[in-house]
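A.B. asks: Sharing a structure here in structure tokens format.
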Amino acid sequence: MTQAITASGIQEFFFDWYPVFGVFFMACLLLVFLRLMRSTVGSTKPETVKASKTEPVLWEEVQGVDAAKDELMDVAEWLRDPERFAALGAQPPRGVLLFGPPGTGKTMLARAVAAQAGVDFFAASGSSFVEMFVGRGAARIRRLFKEARKSGRAVIFIDELDAVGGARSGGGGDGGSSEREQALNQLLVELDGFERDPGTVIVIAASNHVDKLDRALLRPGRFDRQVLVSPPDRDGREAILRAHAKGKPLGADLDLRDVARKTTGMTGAQLANALNEGAIIAGRAGRPAMAREDLDEALLRQSVGSQQARRLSAEERRIVAYHEAGHALCRHLVGGDPPEILSIIPRGPALGFVASSPEEDSYLESREELQNEIVSLLGGRAAEEEVFGTSYSGASGDLARVHAVCKQMVGEFGMGVALGAEGAPPIALPTGDYAMSDRTRRDVDVAAMTLARDAHRRARALLAANRRCLDDLAANALERETLTREDLDHIFAAHELDAEIGMGAVERAAAAPAPESAKPK
């Protein structure tokens, strides 16, 4: 009886005070929401923008981008002595756009311009101007330019410009899109609003995707100058290596000139990281100076990946050894970039690899060079078929690369095998499907497949004619796991190699009648 009365009393108390509990609960929710809003939008006090106080980058410290430095030198000179240019009626560029692959030194260049001119440096990221709430990013842009103008002559650096300056869709879009477009509009206004007097600001922006930027940004009067910052050439790579090697003891066997030769296509950031990784590897091994093997290991980690603890069976190791030996032998026979190293130690996703380096930097490739590249890529699959009579799944990456090269040769470079009537020119059309009919797309596929099949036949012929060398390479790889360039050259020199077999097959295929599947119906 007592328990029933107590329960009834509790129910009456709850129903009597239910409205009070409800109001209290809603008030708590409202306070939490307001606290979140305040932390996201910010307080009523405007944010302060200050010049970057990081260590300045000296002009001499920027290496490997001499062409970009030449284009930016007059910007630094104008900021330092604007009266000299004003006397000639010259006007400064409103904005300078640095574009190129990541890691090429765009941020360093911007800092070096400010340091060379002796002016303040204001840095911001394009993504910092894109907020959830409309108008927030535009306000930040206004404050940034206001503070920069207060300091007189200054450099504003906007990294990842495409985050805020991407091409506009033209529609209202959602809230995020509307906020980004408002921030972009404010940036366009600020670029047009510069005062043309000695006390002004120059904007330097960086982007890896200049093709995605809004066209209004790129017109004269906004970003007047576009500077390509490309990966360094051989001399530039050596200069970068020497700059970042300061303070790092190097072994007598480490030749930075040779390292620069083997690192074609690498950016300054990659080279700096490789040197740092090499120093870490040397320290872990307890060596007083960085040896050649330390830097080689660091470069392999960047390009291929770290060593993997995979236990391959004896038969799998033999398959991998012949696969990599086929790559190395075909590359040597067709006269491509000489193989630097052959390894059957698993790294990253690869069970083995062959690394090669060009003797000199090159910027153009002939039809014959691309054909030889396809032969080298198919050397691993051809070796599997030649030795084991079947093929394995390890060649999937090679086949993807072959497909890409063949499609480029046909669809972009106009280097495909002629199809149809005798004397017809190779196909040379854009690769975008929007520009192709179904029939043309089929012709491109057939021409690309013809290139790949001919290269595969040539690889099989080369390996069959030089089978003893192939067996020797595979045996040495199984015994030693890793073969250097000296080891490979020694093995090649021990055999009389026939490199002429299979030559001219592409030309014969071009002169032959087109297959029935390729003829128009």
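The values are calculated or read from the model by the stated rules, or taken from the named source; none is laboratory data. It should be emphasised that the depicted structure is a prediction, and the values quoted were computed from it without experimental measurement. In this analysis, Cβ positions are derived from the backbone assuming ideal geometry, glycine residues included, and neighbour counts consider all displayed protein chains. Ligands, DNA and RNA are excluded from the accessible area calculation, which covers all protein heavy atoms including side chains. Shrake-Rupley method; radii C 1.70, N 1.55, O 1.52, S 1.80 Å.
A.B. asks: Can you tell me which of (1) among the aliphatic types (A, V, I, L, M); (2) under 15 Å from residue 392 (Cβ atoms); (3) in contact with a Leu (Cβ under 9 Å, 6 or more places away or on another chain) is the one residue 341 doesn't meet?
C.D. replies: Result: residue 341 fails condition (2) only.
A.B. asks: Oh, and also: Kindly indicate which of 123, 115, 148 is in a strand (DSSP E or B) and in contact (Cβ under 8 Å) with a residue 40 or more places away in the chain.
C.D. replies: On inspection, the qualifying residue turns out to be 123.
A.B. asks: Could you grab the pairs with beta carbons closer than 7 Å, sequence gap of 6+ or different chains, first residue in segment 83-103 and of a type in the set (Lys, Arg), second one open to solvent by 50 Å² or more (accessible area, probe 1.4 Å) and assigned to a loop (DSSP other than H, G, I, E, B)?
C.D. replies: 94/224
A.B. asks: Residue 76 is checked against (1) at pLDDT below 90; (2) assigned to a helix (DSSP H, G or I); (3) open to solvent by 60 Å² or more (accessible area, probe 1.4 Å) and fails just one. What number does that condition carry?
C.D. replies: Just one mismatch for residue 76, condition (3).
A.B. asks: Of all the helices (runs of 4 or more DSSP H) wholly in segment 218-304, which have at least 3 residues that are among the acidic types (Asp, Glu) and open to solvent by 10 Å² or more (accessible area, probe 1.4 Å)?
C.D. replies: Where helices (runs of 4 or more DSSP H) fall fully within segment 218-304 and carry at least 3 residues being among the acidic types (Asp, Glu) and open to solvent by 10 Å² or more (accessible area, probe 1.4 Å), they are 292-303.
A.B. asks: Now, a different point. Would you confirm, using the coordinates I've provided, whether residue 62 is at pLDDT 85 or above, surrounded by 13 or more Cβ atoms within 10 Å (Cβ to Cβ), aliphatic (A, V, I, L, M) and touching an Asp or Glu at 6+ places or on another chain (Cβ under 9 Å)?
C.D. replies: Numbers: at pLDDT 85 or above: yes; surrounded by 13 or more Cβ atoms within 10 Å (Cβ to Cβ): yes; aliphatic (A, V, I, L, M): yes; touching an Asp or Glu at 6+ places or on another chain (Cβ under 9 Å): no.
So residue 62 does not fit the description; no.
Matching residues to (1) closer than 23 Å to residue 116 by Cα; (2) of a type in the set (S, T, N, Q); (3) at pLDDT 85 or above:
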residue: 137; (1), (2), (3): no, no, no
residue: 158; (1), (2), (3): yes, no, yes
residue: 165; (1), (2), (3): no, no, no
residue: 169; (1), (2), (3): no, yes, no
residue: 175; (1), (2), (3): no, no, no
residue: 187; (1), (2), (3): no, no, yes
residue: 198; (1), (2), (3): yes, no, no
residue: 202; (1), (2), (3): yes, no, yes
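Residue-wise test of (1) in contact (Cβ under 8 Å) with a residue 40 or more places away in the chain; (2) open to solvent by 50 Å² or more (accessible area, probe 1.4 Å).
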residue	(1), (2)
332	yes, yes
341	yes, no
349	yes, yes
357	yes, no
369	no, yes
383	yes, no
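A.B. asks: For residue 141, which of the numbered conditions (1) in contact with a helix residue (DSSP H, G or I) (Cβ under 6 Å, 6 or more places away or on another chain); (2) surrounded by fewer than 18 Cβ atoms within 10 Å (Cβ to Cβ) fails to hold?
C.D. replies: (2)
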